[in-house]
Amino acid sequence: MNREILFRGKRVDNGEWIEGFFAKSGDKTFILIDNDIAVGYVAMKEVIAETVGQFTGLTDKNGTNIFEGDIVKYTNTQRGVYEIGQKMRGVVVFDEKIGCYISKNNFQRHPDFWFSEDIEVIGNIFDN
C-alpha cells in the first residue's frame, strides 16, 4: 500500500491551514513542510493540536484532499438505513482500529460514502 501519509493543522501564529508531516515536542504540536528536502530545508510551524487531522488518501469530486475533521456531502449508494440516492452529510473520522468513516450524529458510521462519486468537502469542524 502506497498511501501518502500527510497531516493538516491550523497554524498558531496566523490561523492558516497547512499540510505536511506531524511532529510533537513536549506540549507543542507542529506540521513540518519540506520546502526543499534536497538541501535540508524543512519549515516547522506550530499548529493548534486539536485541529490536526490525517489525510484519508482520497480526494473529493473537485480534487480536494479529504482529511479527518472535514465535513462532506455525498449521495448514499448502499442499501441500509438510508435510501439509495439520499443526500447525506457527515464528519470524516479516523479510528486506528477501523480506519476512516463518516460520523452522523456522532454515532452512526457510514463507510459507503467512499463509493459515492459526488462526495464533496464543504467545510471542517473547526471553521464551520
Check your understanding: Once you put a point 7 Å from the Cα of Arg89 and another 7 Å from the Cα of Ile125, both along the Cβ direction, what distance in nm separates them?
Key -> 1.6 nm
Point to revise | Largest-first ordering by accessible area, 1.4 Å probe, given options Arg8, Arg89, Arg79 | key: Arg79, Arg89, Arg8
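Determine the order of Lys87, Lys61 by accessible area, beginning with the largest, at a probe radius of 1.4 Å.
On the way: Lys87 145, Lys61 115 Å².
Correct descending sequence by accessible area is Lys87, Lys61.
Rank these by accessible area, largest first, 1.4 Å probe: Val52, Val72, Val12. Present the calculation step by step, with values, prior to reporting the outcome.
Values: Val52 30, Val72 0, Val12 80 Å².
Sorted by accessible area, descending: Val12, Val52, Val72.
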Point to revise | Qualifying GluC sites (Glu not before Pro) for region 21-91 [loop in DSSP, other Cβ within 10 Å: at most 16] | key: Glu83
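The values are calculated or read from the model by the stated rules, or taken from the named source; none is laboratory data. Please read all numbers here as calculations on a predicted model, not as lab measurements. Here Cβ is always computed from backbone atoms with ideal geometry, including for glycine, and neighbour counts include all displayed protein chains. Quick note on the areas: whole protein, heavy atoms, side chains included, nothing else; ligands and nucleic acids left out. Shrake-Rupley method; radii C 1.70, N 1.55, O 1.52, S 1.80 Å.
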